[in-house]
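These notes are about the structure you will find just below.
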Amino acid sequence: MIESTSQPVQARPAAAGWRERVPGMVSVVVPAYNAEKSLARCIESILGQTYGSREVIVVNDGSTDGTENISLKFGDRITYVCQENNGETAARSRGIEVASGEFVTFLDHDDYWDPEFLQACVGFLRQHPEVIGVSTGAQVKSALSDVVTFRPAAISEVAFREKGPVVIGDFFAFWASHDHICSGSAVIRGSAVDEAGMQRPDLALSGDLEYWAYLATFGRWGFIPRVLLHVDGTQIPRRGLFRKYYERYRKAPTVEEWERRIVPRLEKADLPGYERVRGHIATWMVFARVFVGDDREGLRMAKKYRHHLDGKFGALWRLASILGMASWKPACVALRARTRIQYFFRDRQL
């Protein structure tokens, strides 16, 4: 099925019951931008799921390569949607408008699932009707490193896996401790999506993270400690990575912009865990600002959220901000020089 945004499509209201969803069906939304290298593998991993009731919605976000040709080869096994380039979150929201399944999930074009992913997630949601969403573990390959990592890192521990699937008591505390959720690892009830509404298209960067946090204010989540998602950053074009990430980080919001629809919905019990999650987000947002040379805004956020900044970069931001711009600027210049060298040698390895 082929659909084009050349004809206006009525936006879905953010209210429950806006349409009748197909019982048992999983709607899989695949945002695709210049995806010719990896899209076929992604779609095939969806079509090869042991769970049979699914629809695949590929949203071509203004690609300039062979993404459309690859999509059309799958014929009526997918729904194909075209739009101008507006970013991943806008593409996911466009897919949500088309989705008709009882369950909704997203899979980036360079990633893929093990065959049991949908079966495991739908099975969990049916077993726990009080839960609005569930996620699984993921194996991660980065474009910048040859080291394979796992999310959450604890999933490599036998004791963690042996606990089995869980209904999470405090979503934000669990997220802060385990970094357990990412795009492609989660399946959500369509009713929860109807109630919450779309991903925010203005968040071209980090829109998926905002969506998980926002959805968590609508109900409980579960987690399945199995690696069923494979995140493969090696499939993106690796030449010109510095320019690619510069354009991406240039669109980073401030922390305040990122959290504006989450904070009003938080309960008092959510705050300790949420502040830790926000510290993780702030650490990344500061890095993005420094990466593109917006050092003053980076310093402002580093100072405001310094008590919850995390990891090695969080430690760097706290140390570099001690003397204000006098210590901040040299640290930013040094980081940018190190980053340029890292990207240069990554290009040379190709």
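Which peptide among 73-81, 116-124 comes first, and what is the full order, when sorted by highest mean count of other Cβ atoms within 10 Å?
Details: 73-81: 16.8, 116-124: 20.9.
In decreasing order of mean packing, 73-81, 116-124 become 116-124, 73-81.
Just from its helices, what would the mean residue ellipticity at 222 nm be for the chain, if runs of 4 or more DSSP H residues each count -39500 (n - 2.57) and the sum is divided by every residue, rounded to the nearest 500 deg cm²/dmol?
Working: 14 runs with 144 residues, N = 350.
Roughly -12000 deg cm²/dmol at 222 nm, from the helical runs in the chain.
What is the extension gain from residue 127 to residue 326, computed as 0.36 nm multiplied by their sequence separation minus the C-alpha to C-alpha distance, in nm to one decimal?
Values: separation 199, 0.36 × 199 = 71.64 nm, distance 5.67 nm.
Going from the current span to full extension adds 66.0 nm.
Output the direction-averaged projected area (hull surface divided by four) of the convex hull of the alpha-carbon atoms of the stretch 167-222, in nm².
Details: hull surface 15.7 nm².
For the stretch 167-222, the mean projected area of the Cα convex hull comes to 3.9 nm².
Can you give the alpha-carbon Rg of the stretch 159-302 over 2.2 N^0.38 Å, where N counts its residues?
On the way: Rg = 16.4 Å, N = 144, 2.2 N^0.38 = 14.5 Å.
Compactness ratio reported: 1.13.
How many nm is it between the label spots at residue 144 and residue 268, if each spot is 7 Å from the Cα in line with the beta carbon?
My value for the distance between the label points is 4.1 nm.
To the nearest Å, what is the center-to-center distance of the stretch 247-305 and the stretch 70-100, using C-alpha atoms only?
29 Å
Which three extents, in whole angstrom, do the alpha-carbon atoms of the stretch 85-208 cover along their principal axes, largest first?
Largest first, the stretch 85-208 extends 41, 40, 30 Å along its Cα principal axes.
Can you pull the Kirkwood radius for the stretch 241-348, inverse mean 1/r over Cα pairs, to one decimal in Å?
Working: mean 1/r = 0.0685 Å⁻¹.
It is 14.6 Å.
Convert each backbone phi in the stretch 204-220 into a coupling constant with the Karplus relation 6.51 cos²θ - 1.76 cosθ + 1.60 (shift: θ = phi - 60°), then list the ³J(HN,Hα) values in order as whole Hz, x for Gly and Pro.
5, 10, 6, x, 5, 5, 4, 5, 4, 5, 5, 4, 5, 7, 9, x, 7
Could you sort 163-171, 221-229, 282-290 so that the peptide with the highest average Cβ count within 10 Å comes first and the rest follow in order? Mind showing how you got there, number by number?
Details: 163-171: 14.9, 221-229: 21.8, 282-290: 24.3.
Result, highest mean first: 282-290, 221-229, 163-171.
Need one number for the chain: average projected area of the convex hull over its C-alpha atoms, nm². Write down the numbers at each step before the final one.
On the way: hull surface 70.1 nm².
The number I arrive at for the chain is 17.5 nm².
Under a point spin-label approximation (7 Å from Cα along Cα-to-Cβ), what is the residue 69-residue 41 distance to one decimal in nm?
Each label point lies 7 Å from its Cα, and together they span 2.0 nm.
Every number in this text was worked out from the coordinates using simple rules, so none of it is lab data. Every value quoted in this text rests on a predicted model; they were computed, and no experiment measured them. Methodologically, a virtual Cβ is constructed for each residue, glycine included, from the backbone with ideal geometry; neighbour enumeration extends over all protein chains shown.
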